[in-house]
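Student: Just dropping this structure here.
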Amino acid sequence: MVKTIPSISRRLNERREKLGISCAVLARRVGVSLRTVQRILSGEENNPGLATVTTLARELGVGIRLDEEVDARTIRRRQAERKAERILAIVQGTSALEAQGMDKETRLDLREQTINELLAGSDRKLWAD
């Protein structure tokens, strides 16, 4: 979400300017400090509260939508890949200690098998650390 904050800030500030409302008036109307409004609208604030941003947007007569940028299957696949890599690192470390290292092809096969098992299994196993 951090990448979208400057975009939201810029759009809110453009709307404020288009309406001809000062930051001070906007701050008073939404009940936050002038400096808070200035930081949010300038993009200086990296982690503005959702409630504050929503209130600013509403006061400026615009809405904020949360659209899916990436479909759920892709996110689940990425998580499975990350977890499979962590599991394989542990297996490889143990195998190396036992002098039974894996060749590259075996490792790739095991990685894909682990990913598929994670995706087919419970959500709890997929997302647990």
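The values are calculated or read from the model by the stated rules, or taken from the named source; none is laboratory data. Given the structure is predicted, the values throughout are model-derived calculations rather than measurements. Cβ sites come from the backbone with ideal geometry, for glycine too, and all protein chains shown count toward neighbours.
Student: Looking at 56, 60, 66, 118, can you tell me which residue is over 30 Å from residue 15 (Cα atoms) and aliphatic (A, V, I, L, M)?
Tutor: None of the other options fit; the residue is 118.
Student: Only one of 87, 115 is part of a helix (DSSP H, G or I), at negative phi and touching an Asp or Glu at 6+ places or on another chain (Cβ under 7 Å); which?
Tutor: Just one listed residue meets the conditions, 115.
Student: Further question: What are the residues in the stretch 1-38 that are hydrophobic (A, V, I, L, M, F, W, C) and closer than 30 Å to residue 70 by Cβ, if any?
Tutor: 1, 2, 5, 8, 12
Student: Considering every residue within the stretch 56-65, establish whether at least one is touching a Gly at 6+ places or on another chain (Cβ under 8 Å), at pLDDT 90 or above and either over 30 Å from residue 126 (Cβ atoms) or not β-branched (Val, Ile, Thr) (or both).
Tutor: Yes: the stretch 56-65 contains one or more residues that are touching a Gly at 6+ places or on another chain (Cβ under 8 Å), at pLDDT 90 or above and either over 30 Å from residue 126 (Cβ atoms) or not β-branched (Val, Ile, Thr) (or both).
Student: Taking residue 68 as the residue in question, decide whether it is under 30 Å from residue 127 (Cα atoms), acidic (Asp, Glu) and in a loop (DSSP other than H, G, I, E, B).
Tutor: When the stated conditions are applied, residue 68 passes them.
Student: Additional query: Going through the stretch 60-77 one residue at a time, which ones are surrounded by 10 or more Cβ atoms within 10 Å (Cβ to Cβ) and either closer than 30 Å to residue 19 by Cβ or under 12 Å from the mean Cα position of the chain (by Cα) (or both)?
Tutor: Passing the criteria: 60, 62, 64, 69, 75.
Student: Taking the stretch 21-63 as the region of interest, how many residues are in a loop (DSSP other than H, G, I, E, B) and among the hydrophobic types (A, V, I, L, M, F, W, C)?
Tutor: Qualifying residue count for the region: 4.
Student: Could you pull out the residue among 34, 12 that is over 30 Å from residue 114 (Cβ atoms) and in contact (Cβ under 8 Å) with a residue 40 or more places away in the chain?
Tutor: Checking each option against the conditions leaves just 12.
Student: Say whether the condition of being loosely packed, with under 13 Cβ neighbours inside 10 Å and either more than 28 Å from residue 70 (Cβ to Cβ) or touching an Asp or Glu at 6+ places or on another chain (Cβ under 8 Å) (or both) is met by at least one residue in the stretch 39-57.
Tutor: no
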